[in-house]
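The values are calculated or read from the model by the stated rules, or taken from the named source; none is laboratory data. Since we're looking at a predicted model, the values are computed, not measured. FYI the Cβ positions are ideal-geometry reconstructions off the backbone, even for glycines, and counts take in every protein chain you see. Accessible surface areas use protein heavy atoms only, side chains included; no ligands, DNA or RNA. Shrake-Rupley method; radii C 1.70, N 1.55, O 1.52, S 1.80 Å.
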Amino acid sequence: LILCHGNSSTLVLRNRIILQLQIISVLQWVITFLVMGAACALILLYIGRHPEWVRNWTVWKHFRDYFPIRLIKTHTFLLIRNYIFEYHPHGIVYFGAFCNSGTEATGFSKKIPGICPHLATLSGNFRLPLPQDYLLSGGICPVNRKAIDYIFSKSGTGNSVGGAAESLDCTPGKNIVTLKNRKGFVKLALQQGADWVAVYSFGENEVYKQIILKKQIWFTRHKYSRSPLRGKNVFDVQLAALLLRDFHGCV
């Protein structure tokens, strides 16, 4: 009986350690998203820009397992073509897009070999030197015409680019896609001769419970998406802290 109790205690301790690693892995990305690399300034002075090394960090595997997140491929991609991956729904912090395209945690390069992904995010995230280096180190680029044109024209074939008004409609149980007046990616795909690929994330809107305000005209007009959010207590291990863990993956 004593031996069984010891094994049980060891198993509980091991599970707690694994859960803590998963929580820390997700928390560091949330902090990065909110303060854009301030907590990682000293690390950035050392790592420089090494996309493959950064994309293969062990921390991203814990990040993946926290939710968990999966990447499911339903189509065969040709290396002689360029692709634009259009990711919906956007979500609040686009966990699925980042984990699947910005890291190797879900095996992007193994499932889609020869394709070099460049996750495209808001250009404002690249205005400060240290946050800019942190994002570029993972192959992330600004979501603007100049940056995307450069990737397609200078980096050869086999590239994919994915791209926030949609975040205002992120609520559990609903999947609202914003496409009106946002079809520039279709025109860009035609001009660059790139194939457009629809990517849908199941569970992205379940991560946070957002309080939808009745009047968000001012927020939308000024391109802000700052609605109140509710997750879980980061210090409560038993409640699977920080986020609602209902994210099922990406297709």
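Could you list, in sequence order, all residues of the stretch 21-36 that are at pLDDT below 75 and surrounded by fewer than 16 Cβ atoms within 10 Å (Cβ to Cβ)? Selection gives 31, 34, 35. Just so you know, in the stretch 162-176 the residues that are surrounded by fewer than 18 Cβ atoms within 10 Å (Cβ to Cβ) and modelled with pLDDT under 80 include one that is farthest from the chain's Cα centre (by Cα), and it is 165.
Taking the stretch 83-98 as the range and being open to solvent by 20 Å² or more (accessible area, probe 1.4 Å) and outside any strand (DSSP E or B) as the test, the residues that pass are 90, 92, 94.
One line per residue, one yes/no per condition, for (1) of a type outside the set (Gly, Ala, Ser); (2) modelled with pLDDT of 90 or more; (3) under 23 Å from residue 151 (Cα atoms):
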| position | (1), (2), (3) |
| --- | --- |
| 5 | yes, no, no |
| 9 | no, no, no |
| 13 | yes, no, no |
| 53 | yes, no, yes |
| 78 | yes, no, yes |
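Apart from one condition, residue 93 fits all of (1) of a type in the set (A, V, I, L, M); (2) under 16 Å from residue 135 (Cα atoms); (3) at pLDDT 90 or above; the exception is (3). Restricting the stretch 177-211 to residues that are in contact with a Cys (Cβ under 9 Å, 6 or more places away or on another chain) and over 30 Å from residue 76 (Cα atoms) leaves a set whose member that is modelled with the highest pLDDT is 208. Pull up the stretch 136-161, narrow it to residues that are closer than 15 Å to residue 86 by Cα and in contact with a Cys (Cβ under 9 Å, 6 or more places away or on another chain), then point me to the one that is modelled with the lowest pLDDT. Out of the qualifying residues, it is 161.
Residues in the stretch 99-128 that are part of a helix (DSSP H, G or I) and open to solvent by less than 10 Å² (accessible area, probe 1.4 Å): 99, 100, 102, 108.
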